[in-house]
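Colleague: Take a look at this one; I'll ask things after.
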Amino acid sequence: MSGRQRLGAADVDAFIVGLTLLGSGGGGEAEAYRHTLRAALGEGGIELGDPAEFGDAPVVAIGMLGGTRMLTEKLPGGQEIHRAVAALTRWTGVAPAAVMALEAAGLNGTLAAASAAQLGLPLLDADLMGRAMPRMDHTSRAVAGGPVTPFAMSEPSGQTLLVDAATPYGLERIARAFVAQSGGWAGTAMAPMPASEVVTDACLGSLGRALRLGRAHRELPSKSAPERVAAALGGQLLGVGRAADISRQPSTPFGRASITVLSGSDTGSDTRGGTRGGTGSGPVLRLEAENEYLLVLRDGVPVASCPDLICALDRRTATPIAVDSLRPGDDLIVVVLPGPPWWRASPERLRHVDPRAFGLGCDAVLLPEPSGAAQGLPA
């Protein structure tokens with residue numbers, strides 16, 4: 001179909017950058033599956049399917065759950081998603097006709113695309129978060145009241161667990177207990193759902209948006225002006241400066257970080273080990289984060305928040321920097337991009353992913369309703 005996008009081996013680098021931007025500082029390192037994805041795509045690539053064209057065909061959401069950095073300590077065998085899908089098929093008696101990403105951001109975006117190619121199944125241009133989110137109860141399906149179980153999980157040594165929990169919160173507790181005892185991560189597959197329901201309970205166009213964001217990023221000239229970077233990505237510039245202080249506290253299940261960025265400092269030297277600039281004479285930005293950047297305050301006034309995408313970019317290269325990779329002295333461009341429209345469609349949805357949902361005493365501060373171009377969607 002003319003409206004579909006195709007992901008080929010030549011698109012992998014751009015796709016990874018786009019997925020990292022959708023991670024809003026989290027989502028795990030998409031780079032971990034760069035070579036796997038390129039090999040899985042081969043010469044033909046894979047088409048990003050429109051859920052509306054699949055009728056009532058069963059679709060399974062796939063992804064990885066746990067600490068993504070644990071992949072470097074307990075390496076994947078490559079069969080984790082396959083085993084989870086096979087176990088789910090045995091339990092439900094329903095073989096998937098297509099798959100989709102559980103989370104179209106970071107590692108899970110690359111993992112879903114590679115797994116679809118390896119399974120020989122169509123990959124839908126949709127996911128259940130539209131960005132990176134930390135918990136299973138943050139999936140759009142859970143918020144819409146749809147079933148999230150049975151849920152299959154397979155860890156690297158081959159142990160597989162099928163969960164039939166009463167609530168999304170129950171699934172979150174059981175799943176985290178399993179990965180904590182099985183090396184820190186597991187491949188997962190969620191209850192099959194008709195594609196006709198995916199149209200309403202999922203974030204549509206998210207993988208295609210990642211690809212478009214990555215391509216826009218690739219076209220940026222070297223050392224582009226911060227305003228140009230924000231405009232090219234369809235977002236808004238919040239500030240430019242150095243990370244002066246980073247306070248990390250293990251006060252929540254995923255930890256909490258507060259980052260102070262001083263604008264107006266000398267930003268001409270190299271970052272990550274280069275000479276640090278002055279104390280700054282412009283506004284002070286504070287970024288509040290858990291796994292992802294959640295809230296930005298400028299001189300104490302909230303100016304951006306989840307579920308919009310807050311991105312801290314390297315000043316020289318515009319490369320996104322993850323929350324857990326940010327270091328004092330990093331020279332930053334801080335931008336906000338429009339978040340997934342699914343979450344802002346109703347106050348009931350929004351309250352599940354606004355700052356208060358993460359224990360921050362602030363209502364959502366969102367960009368104006370984005371146009372198709374700003375959202376990264378076809379005109």
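Colleague: Which of the residues belonging to the range 205-223 are over 14 Å from the mean Cα position of the chain (by Cα) and buried (at least 19 other Cβ atoms within 10 Å of the Cβ)?
Modeller: ARG212, ALA216, HIS217
Colleague: Moving on to the next point. Given ALA166, ALA189, ALA142, which one is in contact with a strand residue (DSSP E or B) (Cβ under 8 Å, 6 or more places away or on another chain) and either closer than 23 Å to PRO58 by Cβ or not in a helix (DSSP H, G or I) (or both)?
Modeller: From the options ALA166, ALA189, ALA142, the qualifying one is ALA189.
Colleague: Check whether at least one residue in the range 153-160 is over 21 Å from TRP342 (Cα atoms), modelled with pLDDT under 95 and assigned to a strand (DSSP E or B), and report yes or no.
Modeller: Checked against the condition, which is being over 21 Å from TRP342 (Cα atoms), modelled with pLDDT under 95 and assigned to a strand (DSSP E or B), the range 153-160 yields no hits at all.
Colleague: Scan (1) part of a loop (DSSP other than H, G, I, E, B); (2) within 18 Å of ILE16 (Cα to Cα) for the single condition LEU121 breaks and write down its number.
Modeller: Exception for LEU121: condition (2).
Colleague: Determine which single condition ALA144 fails, assuming it passes every other condition in (1) touching a Lys or Arg at 6+ places or on another chain (Cβ under 9 Å); (2) buried (at least 24 other Cβ atoms within 10 Å of the Cβ).
Modeller: (2)
Colleague: Could you please let me know if VAL148 is assigned to a loop (DSSP other than H, G, I, E, B) and not acidic (Asp, Glu)?
Modeller: Yes.
Colleague: Now a separate question. Kindly indicate whether any position in the range 102-117 is surrounded by fewer than 24 Cβ atoms within 10 Å (Cβ to Cβ) and not polar (S, T, N, Q).
Modeller: yes
Colleague: Moving on to the next point. PRO150 - would you say it is more than 26 Å from ALA322 (Cα to Cα), surrounded by 18 or more Cβ atoms within 10 Å (Cβ to Cβ), not assigned by TED's automatic domain parsing to the domain that holds LEU309 and not hydrophobic (A, V, I, L, M, F, W, C)?
Modeller: In short, yes.
Colleague: Still on this structure, please answer the following. Which of the residues that make up the range 58-81 are under 21 Å from ARG6 (Cβ atoms) and surrounded by fewer than 17 Cβ atoms within 10 Å (Cβ to Cβ)?
Modeller: none
Colleague: Given the conditions (1) β-branched (Val, Ile, Thr); (2) farther than 22 Å from LEU19 by Cβ; (3) under 19 Å from the mean Cα position of the chain (by Cα), report the number of the one that THR139 does not fulfil.
Modeller: Unmet for THR139, out of (1) β-branched (Val, Ile, Thr); (2) farther than 22 Å from LEU19 by Cβ; (3) under 19 Å from the mean Cα position of the chain (by Cα): (2).
Colleague: Out of curiosity, is GLU155 within 16 Å of GLN79 (Cβ to Cβ), buried (at least 20 other Cβ atoms within 10 Å of the Cβ), of a type in the set (D, E, K, R) and assigned by TED's automatic domain parsing to the domain that holds LYS74?
Modeller: Criteria met by GLU155.
Colleague: Let me ask you something else. Being part of a helix (DSSP H, G or I), among the aliphatic types (A, V, I, L, M) and closer than 22 Å to CYS203 by Cβ is true for just one of ALA126, ALA104, ALA116. Which residue is that?
Modeller: It is ALA116.
Yes/no per residue for (1) outside the structural domain of ASP56 (by TED's automatic domain parsing); (2) among the aliphatic types (A, V, I, L, M):
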| site | (1), (2) |
| --- | --- |
| ALA166 | no, yes |
| GLN181 | no, no |
| MET193 | no, yes |
| SER196 | no, no |
| VAL199 | no, yes |
| ARG215 | yes, no |
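The values are calculated or read from the model by the stated rules, or taken from the named source; none is laboratory data. Just so it is clear, the structure is predicted and the values come from calculations on it, not from any experiment. With ideal geometry, Cβ positions are generated from the backbone for all residues, glycine too; neighbour counts draw on all protein chains shown.
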